[in-house]
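Enquirer: Here it is, the structure, as structure tokens.
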Amino acid sequence: MMKLIVTLCILAVGSQIVHGEMKCSIGNPDLPTEWIDLRGDCLKAMRDQIQKEIDASYTYLAMGAHFARDTINRPGFAEHFFKAAKEEREHGAKLIEYLSMRGQLTDDVTDLITVPTVSKHEWSSGTEALEDALRLETDVTKSIRKLIQTCERKHNYYHLVDWLTGVYLEEQLHGQRDLAGKISTLKKMMNNHGGLGEFLFDKEL
């Protein structure tokens, strides 16, 4: 595909030199736009959700990096949070792919994602980190529900709503339950064994 694009570029402009540099100036073709119907509040909410997924990914990266430090040395927690970061990043990518399918990435995409900032870099225990993770997932779930309501109630984008409900919301709910169970188990182990409980729980992760 890349070879075809380069070939077309060469055929289109030949060896035109502008200011001493080779330039390729194939313009975007005029295409029908009637099929591009994802607009308004729903489109904005989709873009906001992409940013929220990327923000969550960065937070999980910070958690993973914290527990991977030699002075903390909790490889189980580190691996868990690095995996969570990858999943959130993939969620953002899937939303971008959906927008592309609906014709929403035809023009400039420079404002699609901004570099997130992480407000917290230290966690006193695995319990604190897991509780923060559960709060983060709950916040993402609320955002998805709001996105679904916006796209269904105001615009009747049934395909998008079905996709969000069947793919994203179910995964979020399972993730929340899994984190709640991990927190419960870890607290019981620490109540019975103190710091050793967290060490053993880390090995299980």
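The values are calculated or read from the model by the stated rules, or taken from the named source; none is laboratory data. Source: prediction; values computed, not measured. Counting neighbours? That spans all protein chains shown, and the Cβs are built from the backbone with ideal geometry, glycine included. Quick note on the areas: whole protein, heavy atoms, side chains included, nothing else; ligands and nucleic acids left out. Shrake-Rupley method; radii C 1.70, N 1.55, O 1.52, S 1.80 Å.
Let's see how each residue does on (1) at pLDDT 95 or above; (2) within 23 Å of Y60 (Cα to Cα); (3) open to solvent by less than 40 Å² (accessible area, probe 1.4 Å); (4) in a helix (DSSP H, G or I):
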{"position": "I72", "(1), (2), (3), (4)": "yes, yes, no, no"}
{"position": "A85", "(1), (2), (3), (4)": "yes, yes, yes, yes"}
{"position": "E97", "(1), (2), (3), (4)": "no, yes, no, yes"}
{"position": "L105", "(1), (2), (3), (4)": "no, no, no, no"}
{"position": "T114", "(1), (2), (3), (4)": "no, yes, no, no"}
{"position": "L130", "(1), (2), (3), (4)": "yes, yes, yes, yes"}
{"position": "R153", "(1), (2), (3), (4)": "no, no, no, yes"}
{"position": "W163", "(1), (2), (3), (4)": "no, no, no, yes"}
{"position": "E171", "(1), (2), (3), (4)": "no, yes, no, yes"}
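Enquirer: For the stretch 184-204, give me each residue that is open to solvent by less than 70 Å² (accessible area, probe 1.4 Å) and touching a residue at least 24 places away in the same chain (Cβ under 8 Å).
Expert: The answer is L186, M190, E198, F201, D202.
Enquirer: Restricting to the stretch 152-164, name every residue that is over 15 Å from I50 (Cα atoms) and touching a Leu at 6+ places or on another chain (Cβ under 7 Å).
Expert: Y157
Enquirer: With respect to the numbered conditions (1) farther than 19 Å from L38 by Cβ; (2) surrounded by fewer than 15 Cβ atoms within 10 Å (Cβ to Cβ), which one is the sole condition not fulfilled by K146?
Expert: (1)
Enquirer: Please work out if G166 is small (G, A, S) and under 25 Å from R74 (Cα atoms). Spell out how you get there, then give the answer.
Expert: Values: small (G, A, S): yes; under 25 Å from R74 (Cα atoms): no.
No.
Enquirer: Right, another one. Kindly list, by first and then second residue, each pair from a residue in the stretch 132-151 that is closer than 16 Å to F81 by Cβ to a residue that is open to solvent by 50 Å² or more (accessible area, probe 1.4 Å) and outside any helix (DSSP H, G or I), limited to pairs with Cβ atoms under 9 Å and residues at least 6 apart or on different chains.
Expert: So the pair list comes out as D132/K120.
Enquirer: Only one of S184, S143 is of a type in the set (G, A, S), modelled with pLDDT of 90 or more and under 24 Å from I54 (Cα atoms). Can you tell me which?
Expert: S143
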